[in-house]
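Single-structure report; data block below.
The values are calculated or read from the model by the stated rules, or taken from the named source; none is laboratory data. Remember, it's a predicted structure, so these values are computed and weren't measured experimentally. Cβ placement follows ideal geometry from the backbone for every residue including glycine, while neighbour counts extend to all protein chains displayed.
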Protein chains: 2
Amino acid sequence: MSKTTKEQSATEKDKLSQSEQHYFTSYDHFGIHEEMLQDTVRTLSYRNAIVQNKDMFKDKIVLDVGCGTGILSMFAAKNGAKHVIGVDMSSIIEMAQKIVDINGFSDKITLLRGKLEDIVLPYQKVDIIVSEWMGYFLLYESMLDTVLYARDRYLAPGGLIFPDKCSIHLAGLEDSEYKHQKLDYWQDVYGFDYTPFIPLVMKEPIVDTVESSLINTTRTKIIDFDLNTVTLEDLKFNVPFKLQAKRQDTINGLIAWFDNVFPAPKGQKPIEFSTGPYAAYTHWKQTVFYLEDDLECEKGDILEGTLFCAPNGKNNRDLDVKIKYDFKAGGVDGKERSVKNENTYLMH
Amino acid sequence: MSKTTKEQSATEKDKLSQSEQHYFTSYDHFGIHEEMLQDTVRTLSYRNAIVQNKDMFKDKIVLDVGCGTGILSMFAAKNGAKHVIGVDMSSIIEMAQKIVDINGFSDKITLLRGKLEDIVLPYQKVDIIVSEWMGYFLLYESMLDTVLYARDRYLAPGGLIFPDKCSIHLAGLEDSEYKHQKLDYWQDVYGFDYTPFIPLVMKEPIVDTVESSLINTTRTKIIDFDLNTVTLEDLKFNVPFKLQAKRQDTINGLIAWFDNVFPAPKGQKPIEFSTGPYAAYTHWKQTVFYLEDDLECEKGDILEGTLFCAPNGKNNRDLDVKIKYDFKAGGVDGKERSVKNENTYLMH
């Protein structure tokens, strides 16, 4: 990073709140951009969606929210956009400018550094918004709030958002070995009792790739977001779920992931990609919520409940998640049991 | 984390500078403590050193700088200390208090939250300082400045510091495949020229474990720190090094690591541990500095130069490193060549 960039960065930072600074600073490392670019499922899905919609991009004004290194802006410019505005809070935008320049897009792409909410765009309205705003569990440290601001403030009537449909999915899994290893560790730490750590471990969802063979229930979509209409209020939700055991096993966690769908020309199958355990690896991996109970199940047993999710009151980049569940066993073997519980989590 | 802790944390944070906040917040996650505790080389070295010095700890006042979950405080208390004061800025200290209590050390260990520099200790002087303050490359995000403050302000004459001797070591390595994969990636990113990223990649040292078989030069100790006498000014240094190629190969990076030695009773071999590539894994791994040149060497060729290291002027938790080198080939094959260069790095 050049000295100039660093100095500008210091000035910008003074305007930002503490949690914004943290978020912002973490983007100064190129490593995260390397990881995102090298996530080919992610990046090629955006490219394929833009190429598929070439006719829609032709001569259009495009806004890239959180443009990072400018890759989506360049996809849009290369595929016919009249002009692309890329906005990012991070100093990475200085690198993006160099890349846009050496790739010959200086006239087609304008990059602006800052909070979109504070910036004056050179257009009153844009025809298309592209954004890779998704965080872990879709909503953790996501930029969706900024995308919705951009939509409401700048998107022309009938304009498109890439992607525009996202959904969160849930399934049960058996992960006894790792779960118990992770929890039992605290029983005896160099001869000391560290068990007060166990509730903390339980409270923190785990972001990791999960073998689909560990999944032992049906899967279910718990929520759909249509980016054309969703509001900030919709990002706080409490939704029911119902899962059915697929085999005799133990359910001791829930796994969540999200899928994304791009707009498609009429009559064509839309480009979409999944971050789930049944799809190819993405850097979002999956999110696992351990349950306090180890639920011994027979095929057909029902695990139902509700999943509550909302930004944390103290730090709105953190996510509160509450999973209430009611497990009903014995549908098959006749030994009826019911386990009810409520577990709370904090993604931070 | 209990609500109370979070609230206290918010108040504490207001007093801290931006970089302190970032550092501080990252310790709120239990994951880092899990990693440090599970680093048995680290933790058992401290335990062994305390056990070996049981006679020295008997009835002594001990200060644990950056006590984290309190493990070192408990080692000291269990091995005869009269009283231990543990100090930490992070909310982890609330967990430490619970652990100290359930392990029966409430009377022996006093935990205080805050910056050591701002806190009034219940003792004018302490007999022993224990601290696990080391960062990557020893000095990156280290707490050494606080340990030195503690020494100067609180350590009784003749008092001990655990550990009290640290040294940084250097060697050359061949890492062509990974280096070129990492650099070449930016040549063609989805059809775009991303080469402006290459200088950034080069500038960022890599923290990773390195196979000792990749090391192709002699190794050398570049600096020694005696914690009994070292001053803050000594942490900014420019030291010479001289390495000799051990085989026909390519030197394209330097690998650095650090070793630590604890005080020992007279006549006994001190407990020590290394974070180097010839020793068992530690969570500090090693630090690799890629060189701009790929230096083709024959056995006996000399790579000499200087390594400069200092806290970054803008953010004193960041480290500036500058490696100046002069490679002299042809000592053996007669085709004399010399490559001189100066590479700068930023650990951030």
- Query: Looking at (1) in contact (Cβ under 8 Å) with a residue 40 or more places away in the chain; (2) surrounded by fewer than 24 Cβ atoms within 10 Å (Cβ to Cβ); (3) of a type in the set (Val, Ile, Thr), which is the one condition that is false for B:Val51?
  - Reply: (1)
- Which one is nearest to the other protein chains (Cβ to nearest Cβ) among residues in segment B:195-219 that are part of a loop (DSSP other than H, G, I, E, B) and among the hydroxyl-bearing types (Ser, Thr, Tyr)? B:Thr195
- Message: For A:Thr231, only one of the following conditions fails: (1) modelled with pLDDT of 95 or more; (2) touching a Phe, Trp or Tyr at 6+ places or on another chain (Cβ under 9 Å). What is its number?
- Response: (2)
- Query: Just wondering, is there one or more residues in segment A:86-94 that are within 11 Å of chain B (Cβ to nearest Cβ), closer than 17 Å to B:Val189 by Cβ and free of Cβ contacts under 8 Å to residues at least 40 places away in the same chain?
  - Reply: no
- Message: Restricting to segment B:256-308, name every residue that is surrounded by fewer than 17 Cβ atoms within 10 Å (Cβ to Cβ), under 23 Å from the mean Cα position of the chain (by Cα) and small (Gly, Ala, Ser).
- Response: B:Ala264, B:Ala279, B:Ala280
- Identify, by number, the condition in (1) out of contact with any helix residue (DSSP H, G or I) (no Cβ under 9 Å at 6 or more places or on another chain); (2) outside any loop (DSSP other than H, G, I, E, B); (3) away from chain A (no Cβ under 13 Å) that B:Leu44 doesn't meet. (3)
- Item | Scope segment A:111-134; condition under 28 Å from A:Ala264 (Cβ atoms) and free of Cβ contacts under 8 Å to residues at least 40 places away in the same chain; matching residues | A:Gln124
- In segment B:240-256, is there at least one residue being in contact (Cβ under 8 Å) with a residue 12 or more places away in the chain, in a strand (DSSP E or B), within 29 Å of B:Glu35 (Cα to Cα) and aromatic (Phe, Trp, Tyr)? no
- List every residue pair whose Cβ atoms sit under 7 Å apart, with the two residues 6 or more apart in sequence or on different chains, where the first one lies in segment B:172-194 and is facing chain A (nearest Cβ under 8 Å) and the second, anywhere, is among the charged types (D, E, K, R). B:Tyr190/A:Arg47
- Query: Regarding A:Phe105, is this residue surrounded by 15 or more Cβ atoms within 10 Å (Cβ to Cβ), away from chain B (no Cβ under 13 Å) and at pLDDT 95 or above?
  - Reply: no
- Query: Does B:Lys203 count as of a type in the set (D, E, K, R), at pLDDT 95 or above and surrounded by fewer than 21 Cβ atoms within 10 Å (Cβ to Cβ)?
  - Reply: no
- Message: I need the full set of residues from segment B:317-345 which are within 14 Å of chain A (Cβ to nearest Cβ) and modelled with pLDDT under 95, in order please.
- Response: B:Arg317, B:Asp318
- Those residues of segment A:120-142 which are of a type in the set (A, V, I, L, M) and modelled with pLDDT under 95, in sequence order: A:Val120
- Only residues in segment A:221-236 that are within 20 Å of A:Ile129 (Cα to Cα) count as the first member; pair them with residues that are surrounded by 18 or more Cβ atoms within 10 Å (Cβ to Cβ) and of a type in the set (Asp, Glu), Cβ under 8 angstrom, at least 6 apart or cross-chain, and list the lot. A:Asp226/A:Asp164; A:Leu227/A:Asp164; A:Asn228/A:Asp164
- Message: Looking at B:Leu319, B:Leu303, B:Leu346, can you tell me which residue is touching a residue at least 24 places away in the same chain (Cβ under 8 Å) and within 23 Å of B:Leu214 (Cα to Cα)?
- Response: B:Leu303
- Among the residues listed as B:Lys285, B:Lys314, the single one being in contact (Cβ under 8 Å) with a residue 12 or more places away in the chain and basic (Lys, Arg): B:Lys285
- Message: Quick check on this structure: which one of A:Asp188, A:Asp164, A:Asp208 is within 24 Å of the chain's Cα centre (by Cα) and surrounded by fewer than 18 Cβ atoms within 10 Å (Cβ to Cβ)?
- Response: A:Asp208
- For segment A:54-85, enumerate the residues that are surrounded by fewer than 24 Cβ atoms within 10 Å (Cβ to Cβ), small (Gly, Ala, Ser), away from chain B (no Cβ under 14 Å) and touching a strand residue (DSSP E or B) at 6+ places or on another chain (Cβ under 7 Å). A:Gly66
